[in-house]
1. Of everything in the range 119-141, what is over 19 Å from the mean Cα position of the chain (by Cα) and outside any loop (DSSP other than H, G, I, E, B)? Give them in sequence order.
2. On the basis of being outside the structural domain of D166 (by TED's automatic domain parsing) and free of Cβ contacts under 8 Å to residues at least 24 places away in the same chain, does A118 make the cut?
3. Based on this model, can you work out whether L65 counts as modelled with pLDDT of 95 or more, in the same structural domain as I23 (by TED's automatic domain parsing) and more than 24 Å from the chain's Cα centre (by Cα)?
4. Out of curiosity, is L290 under 19 Å from the mean Cα position of the chain (by Cα), loosely packed, with under 12 Cβ neighbours inside 10 Å and at negative phi?
Amino acid sequence: MVLRGDSVRIGVIGCGQWGPNHIRVFNSSPDAEVVACSDLEPGRLHQMRVLYPHIRTTTEYWQILGDPDIEAVVLATPTATHHKIVGEALRQGKDVLVEKPLADTLAHALSLAKLARARKRILMVGHTFMFNSGIVKLKEYIQSGMLGRIYYLNAIRTNLGPIRHDVSSVWDLASHDISIFNFLLNSTPLSVSARAEDFIQKGLEDVAFVTLSYPKRVLVNIHVSWLNPRKVREITAVGEKMMVVWDDLDNVGPIRMYDKKVVRHKFYESFGEFQLLIKEGDLTIPKLALEEPLKAQSQHFLRAVRSRERPISDAGTGVEVVRALTAIKRSIDRHGASISLPAESGRKAARTARKHRIPAAGSRRRPAEA
């Protein structure tokens, strides 16, 4: 690990599934230094000490929050703990990167976003796929108009496990796809409808089919499941001019562009009639510069900490994902009823984010606040 005098000093809270990945990625950056980590399981901390002897370990996360030499905190703990720990970190003057989703309720997510603004702290949510090179390229295609008008988007995120015990497959898996679609379309859903079942654990749906309606009549469907024989991570975008498939498990060519579409051809037997024709064109596999999304995300967080510019997956982004997840749960509880979301919420958040620049608080080190 290469260290510089201006490295951002980081504490990682939670060393279960994702915490060690954050430690690895930040430790490999010359712009960061992981100085401490915490977890409730001593065995996990022992493993971290073996891998990174220079890192202090503790079972008490508040020791990290109370350390004035730690400037930023990465939180990789169960979703139900986010509101409490993120809130404490912000009050201690720390910038925070928290794993998705931002919080377990919409009220908690909104309160954290408000607190981050009041304390002038960076609060970034780990919606990692916003830093995936394939998703970034797909967004370029959509925003440039290459696909023409977008008809619909379809996401499949399935596997046999891993089965979580704290949140449902919707909150675990669909949160990824909601963040992706909000990112691709620069908007938030107007309504949702969902059906799901809890076959394995009562109260925690392990399979769900979600339909979302976005502005400009874009229809979106999400299929998530912990009960599927195949691991699939795929998004299909169908446009007026072209169709694109993103396959996250294809390391050779995750983006495939299909020059396929339906065209209206004048049918002259009667005036004003059209014949619908299928156009079959080439298949193109663009070459992408593949980079580990978690690494790209960590570098984006470090730049935000230094520059005080809002990250693209800021608290407002996290709030909108939780808002959609909350509406999906309401629809599931009402057997698929359509649930409307406030049409202005996403646009207002985007306008606020564009204007918002987090001012420096004298220096990157901020003392604890009462």
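1. R119, Y141
2. Details: outside the structural domain of D166 (by TED's automatic domain parsing): yes; free of Cβ contacts under 8 Å to residues at least 24 places away in the same chain: yes.
Yes; evaluated as a whole, the condition is true for this residue.
3. Working: modelled with pLDDT of 95 or more: yes; in the same structural domain as I23 (by TED's automatic domain parsing): yes; more than 24 Å from the chain's Cα centre (by Cα): yes.
Yes; evaluated as a whole, the condition is true for this residue.
4. Numbers: under 19 Å from the mean Cα position of the chain (by Cα): yes; loosely packed, with under 12 Cβ neighbours inside 10 Å: no; at negative phi: yes.
So L290 does not fit the description; no.
The values are calculated or read from the model by the stated rules, or taken from the named source; none is laboratory data. Every value quoted in this text rests on a predicted model; they were computed, and no experiment measured them. Glycine gets a Cβ as well: all are built from the backbone with ideal geometry, and neighbour counts include every protein chain shown.
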